[in-house]
Amino acid sequence: MPKLRLRLIGFLALFLSISPRSAFPAPTTQPTGPHIILIIRHAEKPDPTDAAPDINLSKRGFQRADALAKTIPDHFPRPDFLIATRQSKNSNRPVETITPLAAALHEKIEAEFKDDEFDQAAHEVLTDPKYTGKTVLIAWHHGKIPELAKALGAKDVPDKWDPNVFDRVWEITYDAGVAAWKDLPQNALPGDSQK
């Protein structure tokens with residue numbers, strides 16, 4: 001019996017010495033989190049000096065929403081998921097902004113988080129396995145977009161989003177867990193910035 005055990009040990013040692021390293025691949029860690037996140041501000045809103053408050057988009061805002069249904073898939077990575085802030089008593093504009101896009105892509109809009117719950121939204125997008133390797137588009141209110149982008153790992157983003165700007169896309173691309181941020185034009189409507 002001891003001779004058999006020695007022979008087995010010898011055979012195993014010989015096998016390990018001649019086996020290529022690829023026969024025993026090193027454990028790999030799967031990437032987590034999305035590949036790309038696109039952040040947009042909701043489209044134009046009614047004039048705040050109007051007598052009755054309106055939670056909806058303005059006429060130009062609805063035009064932008066319609067245009068984004070074509071502009072986003074044609075000029076940006078096609079979103080696999082659409083996220084917007086939840087409707088509040090003051091605004092349903094983020095959802096309205098991407099409703100035509102959702103229809104064009106045959107995707108639902110996830111609208112679970114309030115405007116000030118940007119950190120919770122970021123945590124979910126970065127940790128939920130369903131977003132791994134995917135492209136996610138987020139429509140939010142401009143006041144929280146810089147904080148949202150920072151919560152998503154973006155560096156060097158401005159501290160404020162200009163309240164008069166509706167025509168930008170903030171693109172965050174992840175490579176080996178490192179976020180790269182770009183501020184890009186939508187080019188959705190006449191008069192939009194070109195650069």
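The values are calculated or read from the model by the stated rules, or taken from the named source; none is laboratory data. This one's a predicted model, so the numbers in the text were calculated from it and none came from an experiment. Cβ atoms come from the backbone with ideal geometry, glycine included; neighbour counts cover every protein chain shown.
List of remarks:
- Residues of region 72-105 classified as under 17 Å from Ala121 (Cα atoms), basic (Lys, Arg) and touching a Ser or Thr at 6+ places or on another chain (Cβ under 9 Å), total: 0
- Set side by side, the residues Ala13, Ala26 differ, and just one is surrounded by fewer than 16 Cβ atoms within 10 Å (Cβ to Cβ), on the phi < 0 side of the Ramachandran plot, of a type outside the set (Ser, Thr, Tyr) and at pLDDT below 50, which is Ala26.
- In region 77-128, residue nearest to Gln63 (Cα to Cα) [restricted to those that are in contact with a helix residue (DSSP H, G or I) (Cβ under 9 Å, 6 or more places away or on another chain) and of a type in the set (Ser, Thr, Tyr)]: Thr97
- Among (1) of a type outside the set (Gly, Ala, Ser); (2) farther than 17 Å from Pro34 by Cβ; (3) surrounded by 21 or more Cβ atoms within 10 Å (Cβ to Cβ), the one test that Pro100 misses: (3)
- Residue selected from region 103-135 under the condition touching a His at 6+ places or on another chain (Cβ under 7 Å) and either basic (Lys, Arg) or surrounded by 15 or more Cβ atoms within 10 Å (Cβ to Cβ) (or both), by the criterion farthest from Pro34 (Cα to Cα): Asp115
- Contacts under 6 angstrom Cβ, first residue in region 58-82 being farther than 21 Å from Tyr131 by Cβ, partner among the β-branched types (Val, Ile, Thr) and at pLDDT 95 or above, 6 or more apart: Ala65/Thr97
- Every test in (1) in contact with a Pro (Cβ under 9 Å, 6 or more places away or on another chain); (2) crowded, with 16+ Cβ neighbours inside 10 Å is passed by Ser91 save one, and that test is (1).
- The lone criterion from (1) at pLDDT 95 or above; (2) within 18 Å of Ile72 (Cβ to Cβ) left unmet by Gln194 is number (1).
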